[in-house]
Amino acid sequence: MQRIRKNDMVKIIAGNHKGKTGKILACFPKKDRVIVEGVNFIKKHTRPTQDNPKGGIIEKEAAIHVSNVQLMHNNDVVKVGYKNLKDGSKVRYSKKTGEVIDSI
């Protein structure tokens, strides 16, 4: 189970983009990688197709390792924990404040 999910706001804590924030666009749990909006751009050379008749060079976000990002909750970086509530549901919560982030 992964502590970071799609559409979470995260802060980059290591690497060339340290300090930047962005939204998670995609998660790859088997590879322990995530794609963060506006971070780690690569240039991809594309050949002409019917959709893109000119082809050319496209810039897009590349995946970074999940250990290099930390979840932001209420504009503050937090560590994520899991706990079971009395009604039997499992939730993610902030270890810093104890607030429930969302249910699983």
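Where in the chain are the strands (runs of 3 or more DSSP E), entirely inside, with at least 1 residues that are surrounded by fewer than 12 Cβ atoms within 10 Å (Cβ to Cβ) and of a type in the set (D, E, K, R)? Walk me through how you get there before you give the answer.
Numbers: elements: 9-12, 21-28, 33-36, 41-46, 56-61, 69-71, 80-84, 90-94, 100-103.
By residue number, 41-46, 56-61, 80-84, 90-94, 100-103.
With (1) assigned by TED's automatic domain parsing to the domain that holds Lys20; (2) modelled with pLDDT under 95 as the list, and Ala62 as the residue in question, which single condition is left unmet?
(2)
Cβ-Cβ distance below 7 Å, separation of 6 or more or different chains: which pairs start in the range 45-61 with a residue that is among the polar types (S, T, N, Q) and end on one that is at pLDDT 90 or above and surrounded by 10 or more Cβ atoms within 10 Å (Cβ to Cβ)?
Matching pairs, first to second residue: Thr46/Gly55; Thr46/Gly56; Thr46/Ile58; Asn52/Thr46.
Exactly one of (1) in contact with a Leu (Cβ under 8 Å, 6 or more places away or on another chain); (2) closer than 24 Å to Ile104 by Cβ; (3) in contact (Cβ under 8 Å) with a residue 24 or more places away in the chain; (4) of a type outside the set (A, V, I, L, M) is unmet by Lys6. Its number?
It is condition (3) that Lys6 fails.
The values are calculated or read from the model by the stated rules, or taken from the named source; none is laboratory data. What you see is a predicted model, and the numbers here were worked out from it, not measured in a lab. Ideal geometry is used to build each Cβ from the backbone, glycine not excepted, and the neighbour counts take in all protein chains shown.
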